[in-house]
Amino acid sequence: MSDTVDQTTPTATGDGARARLPPNQALLPERRWPVVGESAPRPDDAPWTVSVAGLVATPMTLDLETLRGRYPAVAPVLDIHCVTRWSKFDMRFEGVRLADLLAEAGPLPATRFVSFVARSARGHSTSLPLADALDLDAIIAFTANGAPLAQEHGGPVRMVVPGRYFYKSVKWLERIDLLAEDRLGYWEGETGYHNRADPWAEERYIASGLSPVKLKKALQARDLSGQDLLSLEADTIDLTGLAARGALLRNARFRQARLSGADFTNANLSNAHLQGADLSGAVFRGADVEGADFRGADLRGADFTGASLFGCTFTDEPGAAEAWGPAVLDATTVVEAHQLERLSEAQAGFLETLLVHTGASQ
Ligand SMILES: Nc1nc2c(c(=O)[nH]1)N[C@H]1C(S)=C(S)[C@@H](COP(=O)(O)O)O[C@H]1N2
Ligand SMILES: [Mo]
């Protein structure tokens with residue numbers, strides 16, 4: 001089936017896990033499966049159908065029972081990798097192959113892309129080159145690990161595209177459009193997620209749009225307020241007192257940067273690399289720091305009030321590609337107790353110990 005199944009047969013915790021884990025991903029315990037993005041389909045009384053439309057010889061609309069019974073059942077065991085840095089091994093998805101459905105619908109020769117559209121309030125979609133969708137052996141899935149898909153995980157029917165970040169796997173599949181030109185999906189078009197999304201190449205985000213000259217000026221002035229600077233490279237730079245309110249700094253690199261007193265209020269620092277940075281007294285109020293890496297950073301006096309900490313890393317976990325050691329936190333670090341719920345067990349445990357001892361929890 002998918003080559004991800006056959007590559008290796010590692011255990012989830014042994015050395016093999018490292019070879020099997022794409023760069024900068026962390027393995028979740030078996031029972032944890034976060035809900036990412038939308039958590040429910042569009043409210044709609046119409047019976048659920050899946051359509052194949054666009055450049056096909058035979059447009060089709062099938063109810064779910066028909067779709068499921070019409071093609072051979074497959075149940076590949078796959079690894080899934082979310083762009084917010086968690087992975088899960090050995091997920092067993094049962095369903096039918098996209099290839100089998102498309103073989104019947106008959107894509108016209110002009111077809112180059114396939115767009116998967118969700119039955120969702122925002123018309124959520126994602127797209128792939130048709131050749132990739134077939135090569136990767138995308139699955140139209142009805143169950144996960146032996147149970148019907150829970151609604152928040154895309155039930156009753158979702159796509160599962162092996163070998164791509166999980167945002168290429170649409171929940172609540174409603175329509176499959178075959179296209180001559182690509183149509184960017186929700187995350188790719190609205191938030192700058194990489195359109196290829198290969199986790200092994202770490203294709204998380206598209207590059208920054210700002211010219212190098214303007215960027216240099218902004219950094220010299222230590223003012224990035226309101227800027228959109230996807231994948232900014234600012235390792236080791238002295239940015240003491242940086243003004244970055246509302247800045248879009250997804251995937252930014254600030255490793256060992258000097259950011260003491262920086263103001264990241266309401267900024268988006270998701271997946272930012274802040275290892276070893278001096279963030280003493282930095283303000284992250286209302287910021288989105290999901291998936292950000294704070295290992296080895298100085299966070300004394302840092303204020304995370306109202307920040308979204310989902311998937312953040314503060315201390316090394318087994319299997320981490322690079323060791324940075326624990327972040328430095330103390331009673332002056334402001335983290336609210338409820339924010340710990342959004343962290344992995346290991347990370348929450350690390351912070352909890354510190355917060356209990358320092359009484360910083362509030
Ligand atoms: N309809 C829909 N599908 C979606 C999303 C979404 O917001 N809406 N989010 C994507 C992202 S970013 C991920 S990581 C996975 C999450 O699936 P899960 O919630 O079952 O873990 O669904 C993908 N499919
Ligand atoms: Mo994701």
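Looking across segment 39-80, just one residue is within 16 Å of ligand 2 (Cβ to nearest atom) and of a type in the set (Asp, Glu), and that is Asp79.
The set of residues in segment 29-38 being within 16 Å of ligand 2 (Cβ to nearest atom) and surrounded by 12 or more Cβ atoms within 10 Å (Cβ to Cβ) consists of Trp33, Pro34, Val35, Val36, Gly37, Glu38. Each residue in segment 145-175 was checked for being in contact with a Gly (Cβ under 8 Å, 6 or more places away or on another chain) and more than 9 Å from ligand 1 (Cβ to nearest atom), and 3 of them qualify.
Once segment 39-64 is narrowed to residues that are touching a residue at least 60 places away in the same chain (Cβ under 8 Å), aliphatic (A, V, I, L, M) and not in a strand (DSSP E or B), the residue that is surrounded by the most Cβ atoms within 10 Å (Cβ to Cβ) is Leu55. Considering the conditions (1) crowded, with 21+ Cβ neighbours inside 10 Å; (2) within 21 Å of the chain's Cα centre (by Cα), Gln151 is excluded by exactly one of them, (1). Here is the figure for segment 83-102: residues that are modelled with pLDDT of 95 or more and either part of a helix (DSSP H, G or I) or within 15 Å of ligand 2 (Cβ to nearest atom) (or both) total 8. If only residues of segment 65-86 that are within 16 Å of ligand 1 (Cβ to nearest atom) and aliphatic (A, V, I, L, M) are counted, the one that is farthest from Pro23 (Cα to Cα) is Leu78. Among residues of segment 111-126 that are within 16 Å of ligand 2 (Cβ to nearest atom), those with a Cβ under 7 angstrom from a residue that is among the charged types (D, E, K, R) and assigned to a loop (DSSP other than H, G, I, E, B), sequence gap 6+ or separate chain, pair up as Ala118/Lys171; Ser120/Glu38; Ser120/Arg42; His124/Glu38. Is it true that Glu152 is over 30 Å from Gly296 (Cα atoms) and away from ligand 2 (no atom under 15 Å from the Cβ)? Spelling it out, it is not the case that Glu152 is over 30 Å from Gly296 (Cα atoms) and away from ligand 2 (no atom under 15 Å from the Cβ). Scanning segment 90-107 for residues that are among the hydrophobic types (A, V, I, L, M, F, W, C) and open to solvent by 20 Å² or more (accessible area, probe 1.4 Å) yields Ala99, Ala103.
With respect to being open to solvent by less than 40 Å² (accessible area, probe 1.4 Å) and part of a helix (DSSP H, G or I), Leu67 fits the description.
The values are calculated or read from the model by the stated rules, or taken from the named source; none is laboratory data. Remember, predicted model here, so these are calculated numbers, not experimental data. Note: ideal-geometry Cβ built from the backbone for every residue, glycine included; neighbour counts use all protein chains shown. What goes into the accessible areas is simple: the full protein's heavy atoms, side chains included, and nothing from ligands, DNA or RNA. Shrake-Rupley method; radii C 1.70, N 1.55, O 1.52, S 1.80 Å.
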